[in-house]
Amino acid sequence: MMISIRTRLLLWMMCGMALLLIVFAVVVYEVLSRSLLDGFDEVLLASARTISASVEKDDAGIKFEMDERQAPEFYRTIKPDYFQLWSEDGTILARSPGLANSGMEQFSGLPDVPVFRAVRLPDGRAGRAVGLVFTPKADEDAKTVVTSKQVSLVVARETDPLDSTGHFIRWLLVAATAGTLVLALLAGSVAVRQGLRPLDALAARIAAVRQDDLSARILAERMPAELIPVIGRLNDLLRRLDDAFRRERAFTADAAHELRTPLAGLLCTLEVTLSQPRTGDDYREATTECLEVTQRMQAVVESLLALARYESGQTALHPEALDVRELIETAWRPLDDKARSRGIEFDPRLPANLKCTADRDVAQMIVGALLANAAEYTNDGGRIEISGIDSAKSMELTITNTGCSLGEEDVEHVFDRFWRGDRSRTHTGIHCGLGLALAQRSASALGGSISACIADERFSVRLILPV
Amino acid sequence: MRVLVVEDYPPIRKAVAKGLREAGFAVDATGDGEEGLWYATGNDYDVVILDLMLPGLDGLAILKRMRADGRSTHVLIITAKDAVSDRVKGLDYGADDYLVKPFALEELLARVRALARRAYCVKTPCLEIGDLRIETARRRVWIESEEVSLTGREYALLEYLAMRKGEVVSRTEIWEHMYEFSSEADSNVVDVYVGYLRRKIDRPHRPPLIRTLRGKGYSLGVSE
């Protein structure tokens, strides 16, 4: 289920707010009802005190005299309050007229300390009672001081008015809480809508980036600070996408361009051959030529694909310790015959046990490309020298060939894809900078580097790989 | 008709040269820019086929030098660059036509034939001189509605003379347009071929088509 930020924000806000308001209402209700009860108890106690003041003791015993006017609440016929007096031995001394035949439960605490409790009144109403034990004061006329007998008193009164006030407060709080929540919901949704408006603006700006023009960037001006990092990330993503698409386009263009020439050769050769009946030798010659062209095309396609993979990081590498001499020997083997026939001297001078750490296939491909390049461009009767330096962090291999007709200013181009600077190109006709470009990208994928320099008609490439 | 092919990719160079030769052209071919320029400025070609990316000297530089040299030879550029700007650049440098690789050999031959005709201000592929009719596209010749079978050299000679009908064409000119640079034949072979040709196209009941102007050369056309 999709929940919008707007709903989520509002939901959390409302939940928090409701919790706060409920806690607040409960506390207010508790405080108010406590203070109401305290007030009620105070009045009840006052009534009890009035009655207790009316109890006297004299020689004859304990005497209770109370005028109806002193405490009319006990004497009304409708919903009267109740009291009952007990002597120490439990005999009932007096009770309010309302009690008639029924009685009340006796309870009390320590002398002169009132005890309150909720009770059910004899007529069935809910009420509250106070129990009190006290020593009645002595009558002024009494001659002798009677032993200090204690009297217990229970006074009860209905709690209906208290309960209805409590109810009222409860409903008031509930209504206030609900009302506040509704208002907060309205205000909150407006606030959230306003607050999220920049997101809509951002969406509009993102929508404005066209598929065919990834060089566009999302503008960060007049955007809230929270969205600036988002815009930054989006722009990063766009830049990476743009780079990837650019590489893709460059690859397609390069591939198309580079394959056109051999394809044209293939087409022309086949067309000429088929234009009239020929001898078997003619056909054999043409077929051989077509095969060579096709093999070259295959090599170009494979190199291009490899280069594209390294550049997009699709190729997984498995570094291991490699023996550099072995790499060079393996790479030179297929080149040896041709080089020998052209009188090229191959002179590798490597320190013993020269090692590097790299993916075997990639390292072999790099060394192969560098040696093939050297063999290709060395003049007939020339020389290829290889030297190696072993240091703590890296292995440095330098391959130098004679017969370089490039100028020093051409060095920066030798790693460009398809750069054709070879003025002495005679053999394949299709050989291009792809080998060196591929080697350079591959070396950087292995954490190494390749550089080149030209001096005195000698072309040197330096390969650095981690140890 | 003599054509120069400057193209550094051997399979294309060989196939194009072979195709052109089989179509009756005399062809010189090279893969090197400097050499291409030397050929182009030192000989009178009817058409030069020029690749743009060449070792040594690139195609546009050759073209520029040819034009600076005052050569109006028709130039057909063949290249893998297909952007409009590349084509425009080539044509602006003075090229007459442009073909993007890969191309069909048939098309290349047709374009070369068209350029060769234009070299002599001829636009129709069908040349008619009196009762002689030459179809250049199919390389077939008719006299009085009767087809005449000619060898490659004979046809090349007849076509060249027909292109320049009415003009006096020297032996050297004919030789230059019929033979490749590497050819060992000298200009005397022209007289031999003119003889062969006359035997095939002249009819006893009308004046000869090819006239000899002693010390000057030959001329094809109806004499006034």
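Which numbered condition trips up B:ARG118, out of (1) among the basic types (Lys, Arg); (2) more than 27 Å from B:GLU173 (Cα to Cα); (3) touching a His at 6+ places or on another chain (Cβ under 9 Å)?
(2)
Can you pull out every residue in the range A:386-415 that is surrounded by 16 or more Cβ atoms within 10 Å (Cβ to Cβ) and among the charged types (D, E, K, R)?
Passing the criteria: A:ASP390, A:GLU396, A:ASP410.
Which of (1) in a strand (DSSP E or B); (2) surrounded by 14 or more Cβ atoms within 10 Å (Cβ to Cβ) does A:ILE51 not meet, given it meets every other one?
(1)
Filter the range B:98-149 for residues that are surrounded by 14 or more Cβ atoms within 10 Å (Cβ to Cβ), of a type in the set (Val, Ile, Thr) and away from chain A (no Cβ under 14 Å) and give the result.
Correct list: B:VAL122, B:ILE129, B:ILE134, B:THR136, B:VAL141, B:ILE143, B:VAL148.
Exactly one of (1) away from chain B (no Cβ under 14 Å); (2) in contact with a Gly (Cβ under 8 Å, 6 or more places away or on another chain); (3) of a type in the set (Asp, Glu) is unmet by A:GLU221. Its number?
(2)
Could you list, in sequence order, all residues of the range A:227-272 that are within 30 Å of A:ARG284 (Cβ to Cβ) and of a type outside the set (A, V, I, L, M, F, W, C)?
Once the filter is applied, which keeps residues that are within 30 Å of A:ARG284 (Cβ to Cβ) and of a type outside the set (A, V, I, L, M, F, W, C), the range A:227-272 yields A:GLU258, A:ARG260, A:THR261, A:PRO262, A:GLY265, A:THR269, A:GLU271.
Right, A:ASP337: assigned by TED's automatic domain parsing to the domain that holds A:ASN373 and more than 22 Å from A:TYR377 (Cβ to Cβ) or not?
no
Failed condition for A:ALA225, given (1) assigned to a helix (DSSP H, G or I); (2) surrounded by fewer than 17 Cβ atoms within 10 Å (Cβ to Cβ), with all others met?
Here A:ALA225 meets the rest and fails (1).
So, in the range B:171-211, exactly how many residues are outside any helix (DSSP H, G or I), touching a residue at least 12 places away in the same chain (Cβ under 8 Å) and not basic (Lys, Arg)?
Matching residues across the range B:171-211 total 9.
So is A:ALA308 on the phi < 0 side of the Ramachandran plot and either within 8 Å of chain B (Cβ to nearest Cβ) or at pLDDT below 85 (or both) or not?
Considered against the rule, which asks whether it is on the phi < 0 side of the Ramachandran plot and either within 8 Å of chain B (Cβ to nearest Cβ) or at pLDDT below 85 (or both), A:ALA308 comes out as yes.
What number of residues within the range A:233-277 satisfy the criterion of being part of a helix (DSSP H, G or I) and within 12 Å of chain B (Cβ to nearest Cβ)?
22
Let me confirm something: among A:ARG6, A:ARG34, which residue is free of Cβ contacts under 8 Å to residues at least 12 places away in the same chain and of a type in the set (Lys, Arg)?
On inspection, the qualifying residue turns out to be A:ARG34.
For (1) modelled with pLDDT of 85 or more; (2) touching a helix residue (DSSP H, G or I) at 6+ places or on another chain (Cβ under 9 Å), each residue gets a yes or a no:
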| site | (1), (2) |
| --- | --- |
| A:LYS79 | no, yes |
| A:TRP86 | yes, no |
| A:VAL115 | yes, no |
| A:LEU132 | yes, yes |
| A:VAL145 | no, no |
| A:GLN150 | no, no |
| A:ALA156 | yes, yes |
| A:THR159 | yes, yes |
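Can you confirm whether B:LYS123 is in a loop (DSSP other than H, G, I, E, B) and among the basic types (Lys, Arg)?
So B:LYS123 passes the test.
Taking the conditions exactly as written (farther than 22 Å from A:GLY447 by Cα and either modelled with pLDDT under 85 or buried (at least 19 other Cβ atoms within 10 Å of the Cβ) (or both)), does A:GLY313 satisfy them or not?
In short, no.
Looking at the range A:303-322, can you tell me whether even one residue there is assigned to a helix (DSSP H, G or I), under 24 Å from B:ALA104 (Cα atoms) and outside the structural domain of A:GLY448 (by TED's automatic domain parsing)?
No, there is no match, as no residue in the range A:303-322 is assigned to a helix (DSSP H, G or I), under 24 Å from B:ALA104 (Cα atoms) and outside the structural domain of A:GLY448 (by TED's automatic domain parsing).
Test A:PHE459 against the stated conditions and say whether it is crowded, with 21+ Cβ neighbours inside 10 Å and either modelled with pLDDT under 80 or in contact with a strand residue (DSSP E or B) (Cβ under 8 Å, 6 or more places away or on another chain) (or both).
Yes.
Can you tell me which of B:ASP82, B:ASP46, B:ASP32, B:ASP51 is out of contact with any strand residue (DSSP E or B) (no Cβ under 6 Å at 6 or more places or on another chain) and either within 14 Å of chain A (Cβ to nearest Cβ) or modelled with pLDDT of 85 or more (or both)?
B:ASP32
For the range A:337-346, does any single residue satisfy the condition of being on the phi > 0 side of the Ramachandran plot and either exposed (fewer than 13 other Cβ atoms within 10 Å of the Cβ) or outside any loop (DSSP other than H, G, I, E, B) (or both)?
yes
Inspect the range A:352-364 for any residue being assigned to a helix (DSSP H, G or I) and modelled with pLDDT under 85 and give the result as yes or no.
Checked the range A:352-364: at least one residue is assigned to a helix (DSSP H, G or I) and modelled with pLDDT under 85.
Looking only at the range A:152-189, count every residue that is closer than 30 Å to A:LEU44 by Cβ and either part of a helix (DSSP H, G or I) or not assigned by TED's automatic domain parsing to the domain that holds A:ASP38 (or both) and tell me the total.
Looking only at that region, the number is 15.
Would you point out which residue out of B:LEU63, B:LEU54, B:LEU50 is buried (at least 22 other Cβ atoms within 10 Å of the Cβ) and farther than 23 Å from B:HIS177 by Cα?
After ruling out the rest, the residue left standing is B:LEU54.
With the condition kept exactly as written, say whether any residue in the range B:154-166 is in contact with a helix residue (DSSP H, G or I) (Cβ under 9 Å, 6 or more places away or on another chain) and exposed (fewer than 15 other Cβ atoms within 10 Å of the Cβ).
No, there is no match, as no residue in the range B:154-166 is in contact with a helix residue (DSSP H, G or I) (Cβ under 9 Å, 6 or more places away or on another chain) and exposed (fewer than 15 other Cβ atoms within 10 Å of the Cβ).
Could you count how many residues in the range B:14-29 are over 22 Å from B:LEU91 (Cα atoms) and within 11 Å of chain A (Cβ to nearest Cβ)?
Counting residues in the range B:14-29 that are over 22 Å from B:LEU91 (Cα atoms) and within 11 Å of chain A (Cβ to nearest Cβ) gives 9.
Would you please list the contacts, defined by Cβ atoms under 6 Å and residues six or more apart or on different chains, that run from a residue in the range A:278-295 that is within 13 Å of another protein chain (Cβ to nearest Cβ) to a residue that is polar (S, T, N, Q) and surrounded by 11 or more Cβ atoms within 10 Å (Cβ to Cβ)?
A:ALA286/A:THR269; A:ALA286/A:THR273; A:GLU289/A:THR269; A:CYS290/A:THR269
Taking B:VAL75 as meeting all but one of (1) of a type outside the set (Gly, Ala, Ser); (2) surrounded by fewer than 19 Cβ atoms within 10 Å (Cβ to Cβ); (3) under 17 Å from the mean Cα position of the chain (by Cα), write down the number of the exception.
(2)
Tell me, yes or no, whether the range B:150-171 has at least one residue that is over 28 Å from B:ALA40 (Cα atoms), at pLDDT 85 or above and not assigned by TED's automatic domain parsing to the domain that holds B:GLU22.
yes
Identify, from the list A:ALA129, A:ALA94, the residue that is assigned by TED's automatic domain parsing to the domain that holds A:ARG157 and in contact with a Phe, Trp or Tyr (Cβ under 6 Å, 6 or more places away or on another chain).
Matching residue, one of A:ALA129, A:ALA94: A:ALA94.
The values are calculated or read from the model by the stated rules, or taken from the named source; none is laboratory data. All values derive from a computational prediction rather than experimental measurement. Positions of Cβ are generated from backbone atoms using ideal geometry, with glycine treated the same way; all protein chains shown enter the neighbour counts.
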